[in-house]
Amino acid sequence: MADFSLQIQEAQNDVNVLNQANTEMTKALEDMVQQLAPLLANTQGRTKDAWQEVQGKVDTQVSQLNSSHKQGVQALDSMINAMIEADNRGQSHF
């Protein structure tokens, strides 16, 4: 039987790092859109259409990033909680 070990504190630190990374990536994408937005006021025709398409893609990517992040953190949290419960059940035998 294979041994499996999960360092609870390290896993919880990983959750924090993932949260911070997601926040920073989302903020960077949103900042890019905000910094480029004034250019939209001075564009027209195909350029304006292209920018709006890019902005829509960025919005979609931010949404997908947040969704993937949420799923990953939930999975890691479930693993952490399962290990804590297993440790507690095993500890009660002593």
* To do: Would you work out which of Ala37, Gln64, Val17 lies farthest towards the positive end of the dipole of the chain? Charges go on Cβ: Lys and Arg +1, Asp and Glu -1.
  => Ala37
* Structure fact -> With +1 on the Cβ of every Lys and Arg and -1 on the Cβ of every Asp and Glu, the dipole magnitude of the chain about its Cα centre, in debye rounded to the nearest 20, is 400
* Structure fact -> Diffing segment 74-86: the Karplus 3J(HN,Hα) column from phi (6.51, -1.76, 1.60, θ = phi - 60°), in whole Hz with x for Gly and Pro, holds 4, 5, 5, 4, 5, 4, 4, 5, 5, 5, 4, 4, 5
* Asked: Length gain on complete extension for the stretch Gln20 to Asp87, per 0.36 nm per residue less the alpha carbon to alpha carbon distance?
  -> 21.3 nm
* For the chain, find the longest principal axis of its Cα atoms and tell me its angle to the long axis of helix 8-41, 0 to 90°, nearest 10. => 0
* Asked: How large is the helix-only mean residue ellipticity at 222 nm for the chain, computed as the sum of -39500 (n - 2.57) over DSSP H runs with n ≥ 4, divided by its residue count, in deg cm²/dmol to the nearest 500?
  -> -32000 deg cm²/dmol
* Structure fact -> Residues whose modelled amide H sits under 5 Å from the amide H of Thr43, counting only those 5 or more places away in sequence or on another chain, are none
* Return the label of the correct value of Rg/Rh (Cα atoms, Kirkwood Rh), as calculated from the structure shown, out of [x] 0.96; [y] 1.13; [z] 1.29. => [z]
* Asn13-Gln74 pseudo-label distance in nm [points 7 Å out on the Cα-to-Cβ vector] -> 2.7
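Computed from the coordinates by the stated procedures, all read-outs in this text should not be read as laboratory data. Note that the structure is predicted; figures quoted are calculated from it, not measured. Don't worry about glycine lacking a Cβ; one is built from the backbone with ideal geometry, like all the others, and counts go over all protein chains shown.
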